[in-house]
Amino acid sequence: MNIDEIAKMAGVSRTTVSRYLNGGYVAEEKKERIGRVISETGYRPSAQAQMLRTKKTKQIGVILPKINSDSISEMVEGISSVLSSEGYFLLLANTANDESAELNYLDIFSRNKVDGIILIGTVITQAHREAISALSVPFVVAAQRVNGVDCVYYDDYGAAYALTELLLEKGNVFGYIGVREDDKAAGYDRKCGFLAALRDHGKQFDESYSEISMFSMQSGYEQASELFSRHPDTDALFCATDHIAAGALLYLKGAGRRVPEDVIVAGVGDGKLCRVTSPSLTSAHLYYNECGRKAAQMLLERIGGSTPVQEVRLGYQIVERESTSR
């Protein structure tokens with residue numbers, strides 16, 4: 001079955017069928033006849049031919065730092081819900097937190113002429129900025145703020161500040177387990193919010209009460225062990241992610257420290273994990289699915305034509321659970 005046969009069966013010209021397939025204007029009566037023939041025959045236009053006509057692949061490259069993450073999967077779900085409804089397909093590239101792999105995929109996607117790229121960002125280096133500026137396809141960053149680039153990001157500073165204020169109501173000696181600070185969102189901004197809240201409430205923070213963790217429960221457990229072995233007087237613990245906080249809860253339970261009676265603990269993200277830890281975990285809710293949807297919508301606008309650069313900051317919500325309920 002080809003376009004000429006569709007035209008003959010529908011009693012219209014080849015040009016009319018072509019306009020129908022490419023979203024152009026077709027009179028309602030002819031549109032119904034063409035649609036009926038296509039439905040009855042199961043005709044599918046050649047994707048390759050459409051690409052040659054429209055110069056569009058209907059493919060979007062999505063570069064993500066890891067695949068086994070609730071927050072990343074929610075963002076990808078949000079991206080997919082918007083783009084699939086517009087007929088786009090996602091090409092997922094998992095970098096396993098390898099910055100060089102991110103740069104490689106930016107180049108691969110650009111050279112293979114996807115219609116656009118979304119990068120779920122972690123560390124944005126000068127090499128990233130140079131690669132982004134050299135891209136020839138529409139591009140959006142999700143989960144990190146990058147000046148001069150279309151991006152959707154969280155209010156990590158505000159979330160950390162508000163969460164620390166909650167801890168200040170009940171704690172006295174503060175510990176902090178964060179992540180590397182060249183991850184501006186999760187590392188730098190969250191720590192800055194934590195420190196600012198302490199400072200604004202007249203508390204000085206001793207850096208020996210802090211540790212740097214990987215994004216995992218195991219690392220959270222290990223760093224909590226280091227911190228509490230050195231400073232057993234810590235009675236309030238801020239963790240930069242929920243997984244780190246969950247690892248800290250496991251350590252404290254094994255060490256005989258009661259939560260929240262002896263130590264209060266909070267994380268950031270408010271993923272599903274928070275509801276199944278024992279005790280349940282207080283956290284700052286970040287809108288991951290909305291971030292993905294907004295990034296996809298922003299990319300579609302960029303694909304559709306020239307628009308001003310957009311930098312969109314999403315809000316947060318503090319969700320208190322058992323781990324801080326003294």
Failed criterion for R258 (all others in (1) in contact (Cβ under 8 Å) with a residue 12 or more places away in the chain; (2) among the charged types (D, E, K, R); (3) open to solvent by 60 Å² or more (accessible area, probe 1.4 Å); (4) touching a Leu at 6+ places or on another chain (Cβ under 9 Å) hold): (1)
Counting only residues that are more than 26 Å from D242 (Cβ to Cβ), open to solvent by less than 50 Å² (accessible area, probe 1.4 Å) and either of a type in the set (S, T, N, Q) or not in a helix (DSSP H, G or I) (or both), segment 66-92 contains a total of 2
Filter result for the condition that a residue is touching a Ser or Thr at 6+ places or on another chain (Cβ under 8 Å) and at pLDDT below 85, over M9, M1: M1
Whichever residue in segment 294-326 is out of contact with any helix residue (DSSP H, G or I) (no Cβ under 8 Å at 6 or more places or on another chain) and of a type in the set (S, T, N, Q) and, among such residues, is most open to solvent (accessible area, probe 1.4 Å): S306
Positions within segment 97-117 being in a helix (DSSP H, G or I) and either under 14 Å from the mean Cα position of the chain (by Cα) or β-branched (V, I, T) (or both), in sequence order: I108
Take R19 and decide whether it is basic (K, R), modelled with pLDDT under 90 and in a helix (DSSP H, G or I). yes
Considering segment 93-116, residues that are of a type in the set (S, T, Y), crowded, with 16+ Cβ neighbours inside 10 Å and under 17 Å from R129 (Cα atoms), and then whichever is modelled with the lowest pLDDT, we arrive at S110
Looking at (1) touching a helix residue (DSSP H, G or I) at 6+ places or on another chain (Cβ under 9 Å); (2) open to solvent by less than 20 Å² (accessible area, probe 1.4 Å); (3) under 30 Å from G116 (Cβ atoms), which one does H285 not meet, given that it meets all the others? (2)
Among the strands (runs of 3 or more DSSP E) confined wholly to segment 264-326, which include 1 or more residues that are of a type in the set (S, T, N, Q) and under 21 Å from the mean Cα position of the chain (by Cα)? 282-286, 316-319
How many residues are among the aliphatic types (A, V, I, L, M), free of Cβ contacts under 8 Å to residues at least 40 places away in the same chain and open to solvent by 20 Å² or more (accessible area, probe 1.4 Å) if we restrict to segment 171-204? 1
Every pair of residues 6+ apart whose Cβ atoms lie under 7 Å, when the first sits in segment 39-61 and is at positive phi while the second is modelled with pLDDT of 80 or more: K58/G87; K58/Y88; K58/F89; K58/D115
Those residues of segment 118-156 which are open to solvent by 10 Å² or more (accessible area, probe 1.4 Å) and part of a helix (DSSP H, G or I) amount to Q126, A127, R129, E130, A131, I132, S133
Restricted to segment 157-170, and to residues that are among the small types (G, A, S) and surrounded by 23 or more Cβ atoms within 10 Å (Cβ to Cβ), which residue is farthest from D206 (Cα to Cα)? A159
Taking segment 74-92 as the search range and keeping residues that are over 14 Å from the mean Cα position of the chain (by Cα) and of a type in the set (A, V, I, L, M, F, W, C), which one is nearest to A131 (Cα to Cα)? L91
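The values are calculated or read from the model by the stated rules, or taken from the named source; none is laboratory data. None of the values given here were measured: they were computed from a predicted structure. With ideal geometry, Cβ positions are generated from the backbone for all residues, glycine too; neighbour counts draw on all protein chains shown. Quick note on the areas: whole protein, heavy atoms, side chains included, nothing else; ligands and nucleic acids left out. Shrake-Rupley method; radii C 1.70, N 1.55, O 1.52, S 1.80 Å.
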